[in-house]
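K.L.:
Quick one: the structure is below, and I'll ask about it shortly.
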Amino acid sequence: MSSSVQRPRVRKSPAARRAEIVDAAAAVALAEGLECITLRRIGEELGVRPGLISHYFPSAEELVAEAFGSAASGELDTLLPEESPGATPTERLAHFLTRTTGEPYDAISRLWINARHLSRYRPVLRDRVTTQQAAWRGRLEGVIREGVELDEFRTPDPSLTTIQILVVLDGLGAHANTGTAEHTPAAVVRMAVATAERELGLPEGALNA
């Protein structure tokens with residue numbers, strides 16, 4: 001006769017369980033939109049009761065904000081790591097701009113569009129959007145200021161240049177929902193790169209990764 005041994009259930013720590021919930025919510029946000037995040041939906045994704053989700057996030061609004069913050073922070077760390085040993089500011093900026101064009105970036109562009117729209121009516125999410133915007137601006141401005149200090153870039157106002165680049169990226173990202181990227185002229189696709197090269201005193205092609 002064969003016997004089966006029941007595996008003991010491993011209880012996750014509060015921190016691990018909370019991180020699991022946020023990761024699941026962030027995945028739903030990226031794939032389907034922030035509106036699809038509910039305590040019941042995330043409970044179903046993880047195979048747990050909604051009550052467990054509400055133990056960590058008493059309201060769906062808190063979970064929505066946390067999911068957006070997690071996804072946006074993770075994307076920033078992928079696009080422009082805080083530390084890149086051995087990479088020059090020019091190389092870091094080139095890689096950032098290359099990664100922010102094309103279909104791979106469309107998901108996070110849609111998420112930002114989604115979050116900014118919903119933040120008009122959801123104060124908790126609005127605060128998180130503001131925090132993330134400051135984080136993205138600060139990270140990019142840091143690279144530009146370092147480039148100026150090393151005489152790789154030339155701009156009298158790194159803060160303004162940062163905003164100009166991000167505004168162009170936001171404008172390009174606004175088309176993520178149309179699904180017509182393959183028909184976008186190359187000059188438009190390269191608009192953020194061209195803006196950065198012009199405002200930083202770089203020759204054309206300097207930021208081609």
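K.L.:
Using the beta-carbon distance between THR131 and ALA187 and R0 = 25 Å, what value does 1/(1 + (r/R0)^6) give for FRET efficiency, to the nearest 0.05?
P.N.:
Step by step, r from the Cβ atoms, then E = 0.15.
K.L.:
Compare SER13, SER109, SER54 in a GNM of the chain, Cα atoms joined below 10 Å, and give the one with the largest fluctuation.
P.N.:
Result: SER13 has the largest fluctuation of those listed.
K.L.:
Also, quick follow-up: Taking N as the number of residues in region 65-199, what is its alpha-carbon radius of gyration divided by 2.2 N^0.38 Å?
P.N.:
Against the empirical 2.2 N^0.38 Å value, I get 1.06 for region 65-199.
K.L.:
Further question on the same structure: For the residues TYR121, TYR105, what sequence is obtained by ranking on other C-beta atoms within 10 Å, fewest first?
P.N.:
Ranked by crowding around the Cβ, least crowded first: TYR121, TYR105.
K.L.:
Work out the charge dipole of the chain with +1 on the Cβ of Lys and Arg and -1 on the Cβ of Asp and Glu about the Cα centre, then indicate which of GLY147, TYR56, VAL189 is farthest towards its positive end.
P.N.:
TYR56
K.L.:
Let me ask something additional. Report the GluC sites (Glu not before Pro) located in region 106-209 that are in a DSSP loop and have at most 13 other Cβ atoms inside 10 Å of their Cβ, or state none.
P.N.:
Counting only loop positions with at most 13 other Cβ atoms within 10 Å, the GluC sites (Glu not before Pro) in region 106-209 are GLU204.
K.L.:
Which of PHE68, PHE96 has the fewest other C-beta atoms within 10 Å, and how do the rest follow up to the most?
P.N.:
Going from sparsest to densest Cβ surroundings: PHE96, PHE68.
Any read-out appearing in this document is the output of simple, stated calculations on the displayed coordinates, not a laboratory observation. Everything numeric here is computed off the predicted structure, so don't read it as measured data. As a convention, Cβ positions derive from the backbone with ideal geometry for all residues, glycine included, and neighbour counts pool all protein chains shown.
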